[in-house]
Amino acid sequence: MYKVFFKDRAIFLGDKAESMNFPCMVYLWTEGDNLEALVSDFDYDENKEALFFAAENVEALFAEFKNQFKYIEAAGGLVFNQANEILAIHRLGKWDLPKGKVESGETIDEAALREVEEECGITNLQLDEELESTYHTYWMNNSWMLKRSYWFKMSYSGNEKLVPQTEEDIEKACWIPSNQIEEFRANTYASILAVVNTIN
């Protein structure tokens with residue numbers, strides 16, 4: 001099953017059995033059906049908290065859904081230091097996790113490490129495990145974008161000073177203790193919250 005965030009709302013794409021557990025509008029999709037009008041309607045009608053597209057062939061459904069957008073891939077990290085604090089950035093008024101676009105010729109894990117290093121100014125990160133990817137949409141340059149973000153749990157054992165990448169509008173990079181994580185959760189994006197919630 002796929003979950004795609006539209007700001008704080010979501011569209012789910014899965015099979016018929018999965019759709020039975022969701023108390024929201026469910027549309028049964030068959031190959032050849034166009035999703036554009038339904039996706040646009042969901043975007044404009046903010047009273048709809050969620051939408052579920054169900055199909056026999058979920059991968060074909062997702063491919064059709066993806067065709068409604070310009071698709072890009074990013075990678076980033078949920079990074080812990082030796083004190084079990086989380087590496088966080090503050091950008092454009094919201095808490096976030098370091099991530100960025102996967103460059104041509106770069107593997108996903110290489111991109112994740114590079115982006116954390118660039119956005120926070122630290123090195124010698126250890127990749128621990130891959131977490132579940134997130135999908136979210138946004139409007140940019142007169143186009144709807146669909147971004148898949150690959151996430152990795154990482155560990156850091158150094159003591160370098162954090163340096164926020166200001167040219168990427170990052171105002172602050174810091175380590176957040178577990179007893180202060182609620183402040184982060186209260187002012188972040190739904191897709192980022194899904195990543196942070198994997199630690200509980």
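No lab work stands behind these numbers, since they all come straight from the coordinates. Keep in mind that what you see is a predicted model, and the values were worked out from it rather than measured. Here the Cβ positions follow ideal geometry from the backbone for every residue, glycine too, while neighbour counts run over all protein chains shown.
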Could you please tell me which pairs satisfy a Cβ distance under 8 Å, a separation of 6+ or placement on different chains, a first residue in region 83-95 that is under 15 Å from T166 (Cα atoms), and a second residue that is part of a loop (DSSP other than H, G, I, E, B) and among the hydrophobic types (A, V, I, L, M, F, W, C)?
-> A88/L97; I89/L97
Requiring at least 3 residues that are over 28 Å from K66 (Cα atoms), the helices (runs of 4 or more DSSP H) wholly within region 90-200 are 108-120, 181-186
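Condition check ((1) under 21 Å from W139 (Cβ atoms); (2) polar (S, T, N, Q); (3) surrounded by fewer than 18 Cβ atoms within 10 Å (Cβ to Cβ)) across all residues:
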{"position": "D45", "(1), (2), (3)": "yes, no, yes"}
{"position": "E49", "(1), (2), (3)": "yes, no, yes"}
{"position": "E56", "(1), (2), (3)": "no, no, yes"}
{"position": "F62", "(1), (2), (3)": "yes, no, no"}
Do we have any residue at all in region 143-153 that's farther than 30 Å from D43 by Cα and not small (G, A, S)?
-> yes
Filter result (closer than 16 Å to E46 by Cα, loosely packed, with under 13 Cβ neighbours inside 10 Å and out of contact with any helix residue (DSSP H, G or I) (no Cβ under 8 Å at 6 or more places or on another chain)) within region 2-29 = none
State whether one or more residues within region 96-107 are surrounded by 18 or more Cβ atoms within 10 Å (Cβ to Cβ), of a type in the set (G, A, S) and under 19 Å from the mean Cα position of the chain (by Cα).
-> yes
Only one of these conditions is not met by G105: (1) more than 26 Å from R9 (Cβ to Cβ); (2) touching a residue at least 60 places away in the same chain (Cβ under 8 Å). Which number is it?
-> (2)
